[in-house]
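Colleague: Right, I'll just put the structure down here and ask away after.
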Amino acid sequence: MSLVKNVGTIGALTLVSRIFGFARDMLLARVLGAGLVADAWQLAFTLPNTFRRLFAEGAFSVAFVPMYTRRLADPERGGEAGADEFAGDVLSVFVWVLLGFTALCILAMPGIVWLLAREYQDVPGKFELSVWLSRVTFPYLGLVSLVAMLSGVLNARSRFAPGAFVPVLLNIVMIGGIVTGWYLRGQSDDDLVVGWALAISLVVAGVAQLAYMWWAMRRAGVRLAVKRPRFTPEVKRLLMLMLPATFGAGIYQISQLVDTFFATSLPQGSLSLLKYADRLNQMPLGIFGIALGTAILPMLARHIQSGDKGEAQRLQANAVEIATLLCLPSAVALSICAEAFTTGIFQGGRMTPEDTAIMGNIVVALVCGLPAYVLIKVFQPAFFSREDTRTPVWVAAFALAVNIALNFYVVPRYGIVGLAGATAFTATLNVLTLYTILQLRGWFAFTGKLASRIARQIVATGAMAALLVWLVPLLEPYWRGNAFERVWSLGALCLSGAVVFFALALLIGALDKDLVRQLTRRRAVPKAEGPPNLSE
């Protein structure tokens, strides 16, 4: 499969997940608003998800996938059988590590919550509720970490659809949790019912995700079994690679914890507003960034393993071009339409106009770093595929130190919006540093052709921006109106902006026609890849 095909598969399913995620957060905003229980839930939801992205989808995946891919492609080391034996050894160790880590964190949860949200102690009942909800939700980390491992095995076999689909299950189950909590709450003001329903639904979602991934793995012909843990030389090597990758691959997640710490020191509701705003930022980041990073890592590892530097360069250049093609217009459109989106999507029920106005400003600050967030996902695999997990560590450490220093300055002065802006700035600093190192080492060169393509993308983005600046105030009565008016007016903004951007991009050559042909061309699945995956 080509990079474009893989990104299309992952991105399309991630889009479905993001749509369900939007539905989930729209319901949550109306049912809970931005109050005490909402803040406690956001903290309880942030903890297992941050550790999941940091360890399972971050450090583990970037270390495991290249090792598994090389084993898979090497007949002298057993091919598929040898690769699955290695994966089985890892699984047998991973299960016990996750159980121990989860149990330890549940016991230490009061201390963890105190480190991140000590200001919650000033609000009666808020700290205690955060601790208990976090204890209920934390087992989700173990379940979804196993999901991430099975997804890595299938990704290395070019089966990206199951791993991209599992977040859909999460959102569906959690929507059920919100609706159940709302129904049980009835006409009372007891938001605790909704908080507990959400916490329980998260664990149920983890069980559903793991069951689905296990079925997908068996369907793909992969046979793994949990056995007596053995610290083989390759398992030890994996652990050694994971240690620095934990930091290097997880700068965004670590920044999320830092942001959580500072957000909890601000007025009540600040953390909830930040998380709702980040949902808009995560839409393009999740679809494009995660899709590109997931697809490029095993493909890049194969080219480097075979010594094909030309193909590795071409693959990375294509990934950068796709990233900027999709993220530059997304970032500009979100910044111009921020108030329209936050009002049209989230306002209503317990979410007030004052809340959505603040949320809009947070969105503008966050999306300033959107291209950087995605390009980090493109540049880091160039290091990880060469088993260099140390360099991104030092780059991430530098960026995180700058982020913390900036937060101490901007948060007291500019509040939650300043916090979001500091995150965007340090993400840009991170990606510029990664690119400089790649170029100095000769691992990636920013060619004139690529620069010309991006310059044309900027021209197309400018035309789209001019249209949206004119349309947003014109449609304001509608995106502040009833549900039907909100839907069609926001849809009109999205559709008109996309049409202008892509039409002009195609006209002036900002859109690579070869990449379009790759995306639309149907390709047969080679027999060596096994039976086709119907979920793709």
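Colleague: Any residue in segment 124-147 that's free of Cβ contacts under 8 Å to residues at least 40 places away in the same chain and more than 27 Å from Ser61 (Cβ to Cβ): show its pairings with residues that are among the basic types (Lys, Arg) and in a helix (DSSP H, G or I) at Cβ separation under 9 Å, as long as the two are six or more apart or on different chains.
Modeller: From residues that are free of Cβ contacts under 8 Å to residues at least 40 places away in the same chain and more than 27 Å from Ser61 (Cβ to Cβ), the pairs are Phe127/Arg118.
Colleague: Ok, one more. Does Tyr212 count as free of Cβ contacts under 8 Å to residues at least 60 places away in the same chain and in contact with a Pro (Cβ under 8 Å, 6 or more places away or on another chain)?
Modeller: yes
Colleague: Let me ask something additional. Within segment 375-398, can you find the residues that are charged (D, E, K, R) and without any contact (Cβ under 8 Å) to a residue 40 or more places away in the chain?
Modeller: Scanning segment 375-398 gives a single hit, Asp388.
Colleague: Here's something else I'd like to know. Kindly indicate which of Val395, Val417 is of a type in the set (A, V, I, L, M, F, W, C) and touching a Ser or Thr at 6+ places or on another chain (Cβ under 9 Å).
Modeller: Testing whether each residue is of a type in the set (A, V, I, L, M, F, W, C) and touching a Ser or Thr at 6+ places or on another chain (Cβ under 9 Å) leaves just Val395.
Colleague: Regarding segment 465-476, can at least one residue be identified that is without any contact (Cβ under 8 Å) to a residue 40 or more places away in the chain and among the acidic types (Asp, Glu)?
Modeller: Just the residues of segment 465-476 that are without any contact (Cβ under 8 Å) to a residue 40 or more places away in the chain, to begin with: 466-467, 470-471, 473-474.
Keeping just the survivors that are among the acidic types (Asp, Glu) gives none.
Scanning segment 465-476, I find no residue that is without any contact (Cβ under 8 Å) to a residue 40 or more places away in the chain and among the acidic types (Asp, Glu), so the answer is no.
Colleague: State which residue pairs qualify: first residue closer than 15 Å to Met217 by Cα and inside segment 79-107, second residue buried (at least 16 other Cβ atoms within 10 Å of the Cβ) and of a type in the set (Gly, Ala, Ser) in any location, beta carbons under 8 Å apart, and separation of 6 or more residues or different chains.
Modeller: Filtered contacts from segment 79-107: Ala83/Ala156.
Colleague: Still on this structure: Only one of these conditions is not met by Val410: (1) assigned to a helix (DSSP H, G or I); (2) in contact (Cβ under 8 Å) with a residue 24 or more places away in the chain; (3) touching a helix residue (DSSP H, G or I) at 6+ places or on another chain (Cβ under 6 Å). Which number is it?
Modeller: Unmet condition: (2).
Colleague: Let me ask another. Report the residue count in segment 442-490 for those that are within 14 Å of Thr342 (Cα to Cα) and either among the aliphatic types (A, V, I, L, M) or assigned to a helix (DSSP H, G or I) (or both).
Modeller: Of the residues in segment 442-490, the ones within 14 Å of Thr342 (Cα to Cα) are 472, 476, 478-481, 483, 486-487, 489-490.
Those still in the list that are either among the aliphatic types (A, V, I, L, M) or assigned to a helix (DSSP H, G or I) (or both) too: 472, 476, 478-479, 483, 486-487, 489-490.
Total satisfying the criteria: 9.
Results for (1) in a helix (DSSP H, G or I); (2) under 24 Å from Leu266 (Cα atoms), shown as yes or no for each residue.
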| site | (1), (2) |
| --- | --- |
| Val97 | yes, no |
| Pro124 | no, yes |
| Leu129 | yes, yes |
| Trp132 | yes, yes |
| Val136 | yes, no |
| Gly163 | yes, no |
| Ile178 | yes, no |
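Colleague: I would also like to ask the following. Given (1) in contact with a Leu (Cβ under 7 Å, 6 or more places away or on another chain); (2) surrounded by fewer than 20 Cβ atoms within 10 Å (Cβ to Cβ), identify the lone condition not met by Gly206.
Modeller: (2)
Colleague: Go over the candidates Ser92, Ser134 one by one and state the one that is buried (at least 23 other Cβ atoms within 10 Å of the Cβ) and not hydrophobic (A, V, I, L, M, F, W, C).
Modeller: After applying the criteria, what remains is Ser134.
Colleague: Then there's this: For Thr9, state whether it is hydroxyl-bearing (Ser, Thr, Tyr), part of a helix (DSSP H, G or I) and modelled with pLDDT under 85.
Modeller: Yes, satisfied.
Colleague: (1) modelled with pLDDT under 90; (2) under 23 Å from Leu99 (Cα atoms); (3) among the β-branched types (Val, Ile, Thr): which one isn't true of Val168, the others all being true?
Modeller: (2)
Colleague: Next up: Taking the condition small (Gly, Ala, Ser) and either outside any helix (DSSP H, G or I) or surrounded by 19 or more Cβ atoms within 10 Å (Cβ to Cβ) (or both), does Gly360 pass?
Modeller: Spelling it out, Gly360 is indeed small (Gly, Ala, Ser) and either outside any helix (DSSP H, G or I) or surrounded by 19 or more Cβ atoms within 10 Å (Cβ to Cβ) (or both).
Colleague: On the basis of being modelled with pLDDT of 85 or more and buried (at least 24 other Cβ atoms within 10 Å of the Cβ), does Leu400 make the cut?
Modeller: no
Colleague: How many residues are buried (at least 23 other Cβ atoms within 10 Å of the Cβ), assigned to a helix (DSSP H, G or I), in contact with a Ser or Thr (Cβ under 7 Å, 6 or more places away or on another chain) and hydrophobic (A, V, I, L, M, F, W, C) when one looks only at segment 149-161?
Modeller: Result for segment 149-161: 1.
Colleague: Does Leu116 count as surrounded by 19 or more Cβ atoms within 10 Å (Cβ to Cβ), over 23 Å from the mean Cα position of the chain (by Cα) and over 23 Å from Trp214 (Cα atoms)?
Modeller: no
Colleague: Just to be sure before I move on: is Ala405 assigned to a helix (DSSP H, G or I) and in contact with a Phe, Trp or Tyr (Cβ under 9 Å, 6 or more places away or on another chain) in the structure I sent? Please lay out each step first, then the result.
Modeller: Numbers: assigned to a helix (DSSP H, G or I): yes; in contact with a Phe, Trp or Tyr (Cβ under 9 Å, 6 or more places away or on another chain): no.
Here the answer is no, as Ala405 does not meet what is asked.
Colleague: Name every residue in segment 206-220 that is of a type in the set (A, V, I, L, M, F, W, C) and part of a helix (DSSP H, G or I), in order of residue number.
Modeller: Val207, Ala208, Leu210, Ala211, Met213, Trp214, Trp215, Ala216, Met217 - these are the residues of segment 206-220 that are of a type in the set (A, V, I, L, M, F, W, C) and part of a helix (DSSP H, G or I).
Colleague: Can you pull out the residues in segment 167-181 that are more than 26 Å from Leu150 (Cα to Cα), in contact (Cβ under 8 Å) with a residue 60 or more places away in the chain, among the β-branched types (Val, Ile, Thr) and touching a helix residue (DSSP H, G or I) at 6+ places or on another chain (Cβ under 6 Å)?
Modeller: Within segment 167-181, Ile178 is the sole residue that qualifies.
The values are calculated or read from the model by the stated rules, or taken from the named source; none is laboratory data. As the structure is a computational prediction, the values presented were derived from the model and not from experiment. Here Cβ is always computed from backbone atoms with ideal geometry, including for glycine, and neighbour counts include all displayed protein chains.
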